[in-house]
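One structure below.
The values are calculated or read from the model by the stated rules, or taken from the named source; none is laboratory data. Model, not experiment: these values are computed from the prediction. Positions of Cβ are backbone-derived with ideal geometry, glycine not excepted, and every protein chain shown enters the neighbour counts.
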Ligand code: TXA
Ligand code: MG
């Protein structure tokens, strides 16, 4: 496996060609790093599941270069979904739509819907465009971590998480630190009204104001859609995560910068606002593991907007 930091046009072409012949390419997006494979290649996609240790009935997101490619993968697209795509792509939003025959069971986990996203990162867009030029249709990519673990937000985290499991001709593209830091908002667009399945940086408030009505959030008790990010224990480091509790000396601590560090406690991050909180959350949890900390205390951010997505992730990280 090669890690590449200078993602020149010729490197991007090599990466697109590697994908085209069935290798895996981990690449940066603005949310988190993805572990990519040709979304039409069953064997390549099977390797994603193997490397991640992920159950095969859990669907993958197909990344496409632009809204123009949407019709290849999805049909019967409701008007509200077109509006969402128009306003928030490229960006941290995944739409779940009725699938075309191009989206095979090995991508959708056997569901009749498919998850689609246009990421907004120079390197991922360059890779997707080059992949199109090589005759590709889309790149399937879950977050580049082992199943249930913390998503990587830089190339170093991908390497320590999956490096040993990748093959010689697989690649890791280094595109710096992911600017959003937590996974995309997932919106189910298979019904008359959209439903938020996973909160993210495209917030409920942003969707409400675009669509001029209140969008629903998933009711965990009644919705049976299979989405691993919806399992309670997910996004979890090795350290035990506690929310709003009192840390003891030697424990890790993550809180907004206006909250002082309790005596003897190891400050892992001091984000100045909620956007920065999201950006540094996963790297701080990884740092706790590198320092072999047993416990991490997080003071949860409050309010709407992206705070909701941060609270969703730290709740999942803290569940045992
Ligand atoms: O920001 C992101 O979304 C990142 C980057 C790499 O794009 N990707 C990501 O992928 O978080 P993953 O596989 O870790 O999480 C994707 C989520 C899963 O919970 C999956 O079940 C859900 O999307 N999903 C995908 N297709 C679906 C479908 N047809 N119906 C319901 N959920 C779906
Ligand atoms: Mg994931």
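Observations on the model:
- Test: residue in region 131-154 that is closer than 21 Å to residue 215 by Cα and touching a residue at least 60 places away in the same chain (Cβ under 8 Å): no
- Meets criteria (buried (at least 22 other Cβ atoms within 10 Å of the Cβ) and modelled with pLDDT of 95 or more) for residue 46: no
- Answer from 118, 123, 158 - the residue that is assigned by TED's automatic domain parsing to the domain that holds residue 65 and surrounded by fewer than 22 Cβ atoms within 10 Å (Cβ to Cβ): 123
- Condition met for residue 17 (surrounded by fewer than 24 Cβ atoms within 10 Å (Cβ to Cβ) and either away from ligand 1 (no atom under 16 Å from the Cβ) or part of a strand (DSSP E or B) (or both)): yes
- Filtered residues of region 183-201 (kept if more than 8 Å from ligand 1 (Cβ to nearest atom) and within 13 Å of the chain's Cα centre (by Cα)): 185, 199, 201
- Filter pass, residue 84 being in a helix (DSSP H, G or I) and closer than 26 Å to residue 280 by Cβ: no
Here's the yes/no breakdown for (1) farther than 20 Å from residue 23 by Cβ; (2) in a loop (DSSP other than H, G, I, E, B):
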site: 95; (1), (2): yes, no
site: 98; (1), (2): yes, no
site: 114; (1), (2): yes, no
site: 120; (1), (2): yes, yes
site: 124; (1), (2): no, no
site: 127; (1), (2): no, no
site: 137; (1), (2): no, yes
site: 150; (1), (2): yes, yes
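- Filtered residues of region 178-229 (kept if in a loop (DSSP other than H, G, I, E, B), within 16 Å of ligand 2 (Cβ to nearest atom) and modelled with pLDDT under 95): 225, 226, 227
- Meets criteria (crowded, with 18+ Cβ neighbours inside 10 Å and away from ligand 2 (no atom under 16 Å from the Cβ)) for residue 26: no
- Being at pLDDT 95 or above and under 20 Å from the mean Cα position of the chain (by Cα) is a property that holds for residue 39.
- Test: residue in region 60-71 that is within 12 Å of ligand 1 (Cβ to nearest atom), surrounded by 23 or more Cβ atoms within 10 Å (Cβ to Cβ) and under 30 Å from residue 240 (Cα atoms): yes
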